[in-house]
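Read the figures in this text as sums done on the coordinates, not as results from a lab. Note that the structure is predicted; figures quoted are calculated from it, not measured. Using ideal geometry, Cβ is built from the backbone for each residue, glycine included, and neighbour counts are taken over all protein chains shown.
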Amino acid sequence: MSVTGSGVSKEAVEWGFRLLAGRTPVNKDEFNAFLALPDLDAMRRAFTNIGGFHAFFDSAMTGAPTWRAPLFLLRPSEVQGLEWRFQPPDLDNPVSQLCTAAQYAEPTYAEIVEAMGMYPAPSRVLWEQAWIISVIATAGLIAPGKRGLGIETAHERIAAVAAARGVGIQAIGRGVAGTHGAEARRTQLFHPEAVDLQNFDALVRFESLEPGETGRLAGSEFDFVWSVNLPARLGSVEAAMQAFETAMAALRPGGVAAHAFTFNLTSDETTWEFPDLVIVRRRDVEALAARLIAAGHSVLPLNTHPGHAPEDERVKSEPGNTPEHRQRHGLLVSTSFGLAIRKAG
C-alpha cells in the first residue's frame, strides 16, 4: 500500500469513498483534499461530514434517512414574558413557528402561494414567504395605504403580493444604488403573475442600504417589516440578530416584523456559520426575544413543535440548489423558522 507524505494512502482514500461515501470522488480536487489529510483519523472524521455517509447513517434504523426531535425543542421557554407553545403549527393563526409538512396541505398555504402566482408545492422557500404574508395579513396590514419594508430582498414575491393589494413597499439592499437599484427593483421584485406593472411601479421602490443601517429609517412609520434568510446573507447569527433589533426602529407603534430563516433542529449548542449558510439555534431566538421584551416589544408565541407527519422525519443528506424540508448539513439538520414580533405601543 503506497502512503503519501501526509500519512494517508491513495488506496485508503479510494476505499474510504467506496465504503463511507458510497460513491467515487466528484473530481480530482476532492480526492486530493482527502489525500492531504494528516492521518487516518482525520480522514474518517472528514468522511463523516459528507452527505453520503449521513444518508447511510440516518437510514440504518428505518431504511430511509430520518431525523428525531431533540429534547431541547420539547422544553418550555424560560424567557420571562415569552409565551411558549407545543402544538402543531398552522398558517391560519401564525406565530413564531417551525415549517412543518402539514402546513403545505392547508388551504391557507394554497391560497397564499397561488396569490404569489405559483403552484402550491411543498417547499421551504414557498413556506417562508407564505408564513410572512400570513403574519402580515392576519395583523390586517395588507390593505391600501399600508406601508412595508423589505430587508435585503432577493426574488421573493412578498412585495408583489402586497403591492397588488395597494400596499406601498420600500425594499432595501446592498450595492444597488442609482440605475442599478431601479434595475434590481424590477428584476428581483417584479413578478407579473402576482402584480401588474402599473401598480408595481407606483408602489414599490428600492434603496441601497445596509441591513444593519435600518436605524436610519427610524420614524418612517412602516406598518410591517420582513426579511427572508437574512442570517445567511449577513454571514453570522449575531449580525442578523442585531439587524432584527435595529429594524424595529422603522416600525410604527404596534407594527409587525416577520423574519424567516434557517433553524437548527439538531443542537442548541453547535451550529454552522458559513458565507452562504448560517443556522440559527433556539437559544439565539430566545436571547433576542429576551432583549426585545425588555425593550417593551412583544414576540408572538414561540411554538417549537416540529410536526408529526412522516415527511417531518425524513432528511435529505445530499446538498442541492433548493433547501429541502429537512436538510442535513454535516452533523446538523435544519429547516425553516419564522420569528414574528410586534413593536411596543
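Considering only DSSP beta bridges where both residues belong to the chain, give the percentage that are antiparallel (nearest 5). Each step should come with its number before you reach the end.
Values: 20 of 45 bridges.
Close to 45 percent.
A Förster distance of 35 Å, applied to the separation of the beta-carbon atoms of ARG291 and LEU331, puts the FRET efficiency at 0.75. From helices alone, the chain scores -9000 deg cm²/dmol at 222 nm; the rule is -39500 (n - 2.57) for each run of n ≥ 4 DSSP H residues, then divide by the residue total.
For the residues GLU273, GLU106, GLU11, a GNM of the chain with alpha-carbon springs under 10 Å puts the largest fluctuation on GLU11. How far is helix 178-189 tilted off the main Cα axis of the chain, in degrees rounded to 10, range 0 to 90? Rounded to the nearest ten degrees, it is 80. The angle between the Cα long axis of helix 237-247 and the main principal axis of the chain comes to about 0°, on a 0 to 90 degree scale. Among (1) 27; (2) 23; (3) 14, which one is percent of Cα pairs over 36 Å apart computed from these coordinates? Only one listed value fits the structure, namely (1). Label-to-label distance, PHE86 versus TRP272, with points set 7 angstrom from Cα along the beta-carbon direction: 2.8 nm. The modelled label-to-label distance between VAL26 and GLN198, using points 7 Å beyond Cα along the C-beta direction, is 4.9 nm. Can you tell me the 0 to 90 degree angle between the C-alpha axis of helix 124-138 and the longest principal axis of the chain, rounded to 10? With rounding to tens, the tilt is 20 degrees. Ranked for footprinting exposure by Cβ neighbours inside 10 Å, fewest first, ILE341, ILE50, ILE293 give ILE293, ILE50, ILE341. Could you work out the relative contact order of segment 71-342, using alpha carbon pairs under 8 angstrom and six or more residues apart, expressed as a whole percent? The normalised contact order for segment 71-342 reaches 26 percent. Scalar couplings 3J(HN,Hα) for segment 251-267, obtained by applying the Karplus form with A = 6.51, B = -1.76, C = 1.60 to θ = phi - 60°, are 8, 6, x, x, x, 10, 10, 9, 10, 10, 7, 7, 10, 7, 9, 9, 9 Hz; x denotes Gly and Pro.
Here the label points at ARG45 and ARG252, each 7 Å from Cα along the C-beta direction, are separated by 5.5 nm in the simple model.
Got a sec? Which residues in segment 117-161 would a label at ARG174 touch, if it sits 7 Å along Cα→Cβ and we count backbone N under 11 Å? The answer is 152, whose backbone nitrogens lie closer than 11 Å to the label point. For LYS10 and ALA143, a Förster radius of 56 Å and the Cβ-Cβ distance give a FRET efficiency of 0.25, rounded to the nearest 0.05. The H on the amide N of VAL278, modeled in the peptide plane, is under 5 Å from the matching H of ALA232, each at least 5 residues off or on a different chain.
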